[in-house]
Amino acid sequence: MRELTIQECTEVSGNGVALGRAIGRAVQEVGEAMSDWAESLIESWLPIAEKINEVIR
């Protein structure tokens with residue numbers, strides 16, 4: 001079995017870093033989308049919650 005050259009190790013390492021960064025960006029974008037969705041959900045339910053509180057009082 002052949003050993004990897006320094007160049008090949010560098011390429012593999014660089015690709016691993018690039019893959020890690022791409023995954024990190026994707027996770028961040030999903031997190032931002034979920035945050036936006038949660039905010040819109042809260043905003044839509046807030047008037048309903050206020051009405052429920054008025055009825056309970």
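When Ala26 is tested against (1) at pLDDT 85 or above; (2) outside any helix (DSSP H, G or I), only condition (2) is not met. Looking across the stretch 20-49, just one residue is charged (D, E, K, R) and surrounded by fewer than 10 Cβ atoms within 10 Å (Cβ to Cβ), and that is Glu43.
The values are calculated or read from the model by the stated rules, or taken from the named source; none is laboratory data. Please read these numbers as outputs of a predicted model, since none were measured by experiment. In this analysis, Cβ positions are derived from the backbone assuming ideal geometry, glycine residues included, and neighbour counts consider all displayed protein chains.
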